[in-house]
Amino acid sequence: MSLQVEPRILPSMSTIRLRNVSKVFGDDSHKARALLQEGRSRDEILAETGYVVAVRDVNLDIEDGEIFVVMGLSGSGKSTLIRCINRLHPVTTGEVLIDGEDIVSASTDRLRELRRSKLAMVFQHFGLFPHRTVQENVEYGLKMQKMDVDERRARSETALEQVGLEGWGNRRPGDLSGGMQQRVGLARALATDADVLLMDEAFSALDPLIRREMQDDLLTLQRDLGKTIVFITHDLNEALKLGDHTAIMRDGQVVQVGTADEIVSQPSTEYVLEFTRDVDRSRVLTVGSIMRQPDTLVQGRDTVRTASARMRASDSDYMVLVDSNRQPLGLVLEEYVGPAIQRGVNDLGDVVSDSFVSCSTDDLLIDTYDSVIERQCIVAIDEHGQLAGVAEHLDILSSLAPATEITPAVSRSSHPANAHASTEAGAEQTLPAESTR
Ligand SMILES: Nc1ncnc2c1ncn2[C@@H]1O[C@H](COP(=O)(O)OP(=O)(O)O)[C@@H](O)[C@H]1O
Ligand SMILES: [Mg+2]
């Protein structure tokens, strides 16, 4: 089933900021706030009052047009957190800012407007009306907004096309497979034209093959429509595949935020480390994250003799020859250097092996397997075509073993959310300045 998406000229834009968000389920919110303020633990609060601290002191920055994944075991607070974003659950403390506007203190009218125009939700079990047609289901939110029939119809048809269900509008959900039903759920969210999609375990009920297909299609949709997507899953592989950033939750708190690469190669707690053990790292790690800086020779400046001397000094069996712009020209192999000197050849251009393999720093390790076999290395090139680094066969193999130790979360990542995701050791009292993007 293929997706038909017409890219929009202006992608929709929305940022979400969570500031010290806590949610306690219990009947007395004053009491709940006091208990949180006293720093009482989740277990103490539960034992003493029966209140459940479902989310605690969460600070996150979700950027325009990214897929932000929230991952954690069942009961860790993911659904509660996502429902705090559209205020399906009122927060106990904290702020939820959508494009700078605090939804926590919005009036009922404003809240309705925000839900209508900005925040659409996709649920795990589809949430479709069985006795209505696919089209009626997709148009449901629009009808509630009292949109006229023609516009509604046009919107639902576009949305059904976008999810690959053109022509299915008159069927009932029961005629469709699970995967197709979830496409209807997605179409319903897209039809509202909301900037933000909140997807709570949207693919968790699907068979593995269908699930993978939906993941791929979501990535395509995302690329073309540029929505801001908050995606919840309990599956780390799904998180790493979809997320530009992933937040990992445990017992209501965020224990780490990072890119797939960062989480897999620098888990910040034992809990995250445990999760990452079974990940297929070749599908997560990029060449850029494991490459090393090679010895280089510059065409026109260095000679075969200098190459020979430097190889001996550094005990390396190859070097990368670059031009004056640092664009790689090839590898100079030790085995050709000695004979070249004996033949009186001194120009590196005469010994360089131009059959080297280059790749982008963004390429996944799994895509390098074939090229690195029987070569010294693959050469990684940045967006300007310049040498970024090299990855040797052994660099790649050794990076596939799971991490064995944790990397404490201090200033590990440039993602602003990391700066205030340190909820474990007492939340920060002062908020960092709003990031300027
Ligand atoms: N409406 C509710 N009332 C009381 N407790 C709740 C409610 N919803 C969720 N919880 C509790 O909050 C915690 C987090 O639940 P939830 O957010 O559903 O986790 P997840 O989505 O990660 O499985 C759990 O202990 C759950 O039992
Ligand atoms: Mg849930």
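The values are calculated or read from the model by the stated rules, or taken from the named source; none is laboratory data. Since we're looking at a predicted model, the values are computed, not measured. Backbone-built Cβ (ideal geometry, glycine too); neighbour counts: all protein chains shown.
GLU161: of a type in the set (D, E, K, R), not in a helix (DSSP H, G or I) and not assigned by TED's automatic domain parsing to the domain that holds GLY65, yes or no? Spell out the reasoning first.
On the way: of a type in the set (D, E, K, R): yes; not in a helix (DSSP H, G or I): no; not assigned by TED's automatic domain parsing to the domain that holds GLY65: yes.
In short, no.
Would the stretch 208-218 turn up any residue that is outside any loop (DSSP other than H, G, I, E, B), touching a residue at least 40 places away in the same chain (Cβ under 8 Å) and more than 28 Å from ARG17 (Cβ to Cβ)?
Yes, that holds for at least one residue.
All but one of (1) touching a residue at least 12 places away in the same chain (Cβ under 8 Å); (2) out of contact with any strand residue (DSSP E or B) (no Cβ under 9 Å at 6 or more places or on another chain) hold for GLU38; state the number of the condition that does not hold.
The single condition GLU38 does not satisfy is (1).
Only one residue in GLN124, GLN181, GLN135 is touching a residue at least 24 places away in the same chain (Cβ under 8 Å) and under 24 Å from the mean Cα position of the chain (by Cα), so which one is that?
Details: GLN181 fails: under 24 Å from the mean Cα position of the chain (by Cα); GLN135 fails: under 24 Å from the mean Cα position of the chain (by Cα).
Testing whether each residue is touching a residue at least 24 places away in the same chain (Cβ under 8 Å) and under 24 Å from the mean Cα position of the chain (by Cα) leaves just GLN124.
Any residue in the stretch 102-115 that is within 16 Å of ligand 1 (Cβ to nearest atom), out of contact with any Cys (no Cβ under 8 Å at 6 or more places or on another chain) and assigned to a helix (DSSP H, G or I)?
no
When you go through VAL69, VAL58 one by one, which is the residue that is more than 12 Å from ligand 2 (Cβ to nearest atom) and more than 17 Å from the chain's Cα centre (by Cα)? Give the steps one after another, and end with the answer.
On the way: VAL69 fails: more than 17 Å from the chain's Cα centre (by Cα).
Only one candidate passes the filter, namely VAL58.
Can you tell which of THR269, THR276, THR303, THR296 is surrounded by 14 or more Cβ atoms within 10 Å (Cβ to Cβ), farther than 22 Å from GLU392 by Cβ and more than 24 Å from the chain's Cα centre (by Cα)? Give the derivation first.
Details: THR269 fails: more than 24 Å from the chain's Cα centre (by Cα); THR276 fails: more than 24 Å from the chain's Cα centre (by Cα); THR296 fails: farther than 22 Å from GLU392 by Cβ.
Being surrounded by 14 or more Cβ atoms within 10 Å (Cβ to Cβ), farther than 22 Å from GLU392 by Cβ and more than 24 Å from the chain's Cα centre (by Cα) holds for just one of THR269, THR276, THR303, THR296, which is THR303.
Quick one: ALA189 ticks every box in (1) in contact (Cβ under 8 Å) with a residue 60 or more places away in the chain; (2) in the same structural domain as VAL70 (by TED's automatic domain parsing) except a single one, so which number is it?
(2) is the only condition that ALA189 fails.
In the list GLY426, GLY385, which residue meets the criterion of being at positive phi and at pLDDT below 80? Can you show your working first?
Values: GLY385 fails: at pLDDT below 80.
Being at positive phi and at pLDDT below 80 holds for just one of GLY426, GLY385, which is GLY426.
Within the stretch 72-99, how many residues are away from ligand 2 (no atom under 14 Å from the Cβ) and either basic (Lys, Arg) or without any contact (Cβ under 8 Å) to a residue 12 or more places away in the chain (or both)? Before you say what the answer is, go through the steps one by one.
Within the stretch 72-99, the first condition is being away from ligand 2 (no atom under 14 Å from the Cβ), and the residues that meet it are 86-87, 90-99.
From what is left, the residues that are either basic (Lys, Arg) or without any contact (Cβ under 8 Å) to a residue 12 or more places away in the chain (or both) are 87.
Qualifying residue count for the region: 1.
Looking for whichever is modelled with pLDDT of 95 or more and in the same structural domain as ASN20 (by TED's automatic domain parsing) here; the options are VAL272, VAL255, VAL264. Which one fits?
Numbers: VAL272 fails: modelled with pLDDT of 95 or more; VAL264 fails: modelled with pLDDT of 95 or more.
Residue meeting the stated conditions: VAL255.
Filter the stretch 207-237 down to the residues that are within 16 Å of ligand 2 (Cβ to nearest atom), within 29 Å of SER398 (Cβ to Cβ) and surrounded by fewer than 21 Cβ atoms within 10 Å (Cβ to Cβ) and list them by number.
Matches in the stretch 207-237: ASP235 only.
Let's see how each residue does on (1) closer than 16 Å to MET249 by Cβ; (2) assigned to a loop (DSSP other than H, G, I, E, B):
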| position | (1), (2) |
| --- | --- |
| ARG19 | no, no |
| ALA32 | no, no |
| GLY39 | no, yes |
| SER74 | yes, yes |
| ARG87 | no, yes |
| GLU95 | no, no |
